[in-house]
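One structure is given below, encoded as structure tokens.
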Amino acid sequence: MTTDDLDTDSCCQAGVTDATIRAAEERRNKVRRVFWITLGLNSVVAISKALYSYVSGSLTLGADSLHAVLDASSNVLALFSLGWAATPADSRHPYGRQKIEILAALGIGVLIVVGLLEFAEAAIRGLHAGRAAPHVGIAGFAIVLATMGISLFVARYEHHQGHELHSELLHADAHHATSDFYASGAVVASFIGVRMGIGWADGAATLLLVVLIGQAAWKVFRDNIPILIDAARLDPAGVAELARSVTGVSDVHRVRSRGMRRAVELDLHLEVAPDMSVVDAHKLAQQIEREVKVKFPEVSDVIIHVEPTAR
């Protein structure tokens with residue numbers, strides 16, 4: 001390999017790196033824009049529910065307004081985390097700080113649990129004390145149904161954008177918005193019960209919210225905790241099969257993967273003929289890296305350890 005070849009290879013790698021950085025920044029800006037939009041919508045929902053809860057005295061709607069506040073606060077948390085995650089890699093964080101996004105997603109899960117506990121406490125206290133039924137009018141139904149429409153839009157919008165932008169953070173917040181939609185459904189049910197003269201409907205509906213919100217929290221933790229504990233992201237057999245199909249590879253073992261949905265880190269051990277030159281082994285490793293990234297586009301980093309086949 002000549003000096004010119006090395007210079008050309010270095011220039012190509014620099015160009016790829018710059019393009020990758022620009023793509024990552026563009027993605028962060030798009031995710032950030034989604035959260036600004038949903039923050040505005042969630043703020044409208046929270047204020048509307050809180051005001052009517054104060055006017056009507058509805059326990060269920062009061063708890064639901066807290067849930068809406070948690071939705072808005074999770075958007076703020078997400079916006080902060082995106083700024084932290086964008087910090088470039090350095091000597092102390094050679095792989096960057098992308099997992100801050102996962103920590104923020106888990107923070108949203110914690111906020112959901114906080115809301116769940118608040119709901120449970122309010123429901124039990126209300127049922128035990130036999131508090132007076134709230135005064136629910138047509139305006140209450142209109143407000144809750146309108147906010148349900150907003151929550152459904154936010155959930156579907158974030159799910160779609162989460163798939164498009166490969167963002168765990170958007171997926172987590174979409175689960176939160178979905179739980180708010182179902183929680184509002186329980187509010188409507190409690191309103192109907194109250195209008196029919198069932199005094200305990202308010203507290204019973206609040207207990208129903210506890211179950212619904214608990215499911216949303218479970219989904220957030222289920223999707224994000226495995227990433228922090230380095231659960232495997234790719235099928236080792238599939239990667240090994242691809243590598244073995246390349247001419248010159250004797251065997252493949254110790255295939256490991258970890259990382260985020262859009263940034264998987266992969267390493268594997270490659271066995272080659274003992275008499276293969278270092279240059280040829282390097283070219284072989286580069287070819288496998290290219291083919292891996294074509295078949296598994298979510299892979300962002302590949303480390304291949306080349307070793308001679310044992311005789």
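The values are calculated or read from the model by the stated rules, or taken from the named source; none is laboratory data. Note that this is a predicted model, so its numbers are computed, not measured. Cβ sites come from the backbone with ideal geometry, for glycine too, and all protein chains shown count toward neighbours.
The set of residues in the range 295-311 that are charged (D, E, K, R) and over 16 Å from Val249 (Cα atoms) comprises Lys295, Glu298, Asp301.
Here Arg290 meets each of (1) assigned to a strand (DSSP E or B); (2) at pLDDT 90 or above; (3) within 28 Å of the chain's Cα centre (by Cα) with one exception, condition (1). With respect to the conditions (1) assigned to a helix (DSSP H, G or I); (2) under 30 Å from His175 (Cβ atoms); (3) modelled with pLDDT under 90, Asp301 lacks only one, and its number is (1).
Yes/no matrix, rows are residues, columns are (1) closer than 21 Å to Leu70 by Cβ; (2) in the same structural domain as Ala123 (by TED's automatic domain parsing); (3) in contact with a His (Cβ under 7 Å, 6 or more places away or on another chain):
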site	(1), (2), (3)
Thr147	yes, yes, no
His160	no, yes, no
Ala174	yes, yes, yes
Ser179	yes, yes, no
Ala183	yes, yes, yes
Gly197	no, yes, no
Leu212	yes, yes, no
Ala216	yes, yes, yes
Asp223	yes, yes, yes
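Scanning the range 260-272 for residues that are more than 30 Å from Ala105 (Cα to Cα) and either part of a helix (DSSP H, G or I) or of a type in the set (Val, Ile, Thr) (or both) yields one hit, Val272. Every test in (1) within 17 Å of Ser245 (Cα to Cα); (2) surrounded by 16 or more Cβ atoms within 10 Å (Cβ to Cβ) is passed by Glu298 save one, and that test is (1). Residues being assigned to a loop (DSSP other than H, G, I, E, B) and under 30 Å from Leu103 (Cα atoms) are entirely absent from the range 273-285. Filter the range 199-210 down to the residues that are surrounded by fewer than 19 Cβ atoms within 10 Å (Cβ to Cβ) and of a type in the set (Gly, Ala, Ser), then identify the one that is farthest from Ser65 (Cα to Cα). That would be Gly199. Close contacts from the range 247-259, counting a first residue that is over 20 Å from Ala281 (Cβ atoms) and a second that is modelled with pLDDT under 90 and of a type in the set (Ser, Thr, Tyr), with Cβ to Cβ under 8 Å and a gap of 6+ residues or different chains, come to Gly259/Ser300. For the range 239-257, indicate whether the set of residues that are within 30 Å of Phe80 (Cα to Cα) and assigned by TED's automatic domain parsing to the domain that holds Pro297 is non-empty. For the range 239-257, residues within 30 Å of Phe80 (Cα to Cα) and assigned by TED's automatic domain parsing to the domain that holds Pro297: present.
Just the residues that are in contact with a Lys or Arg (Cβ under 9 Å, 6 or more places away or on another chain) and either under 27 Å from Glu25 (Cβ atoms) or surrounded by 15 or more Cβ atoms within 10 Å (Cβ to Cβ) (or both), please, taken from the range 256-295. Across the range 256-295, the qualifying residues are Ser257, Arg258, Gly259, Met260, Arg261, Arg262, Val264, Glu265, Leu266, Asp267, Leu268, His269.
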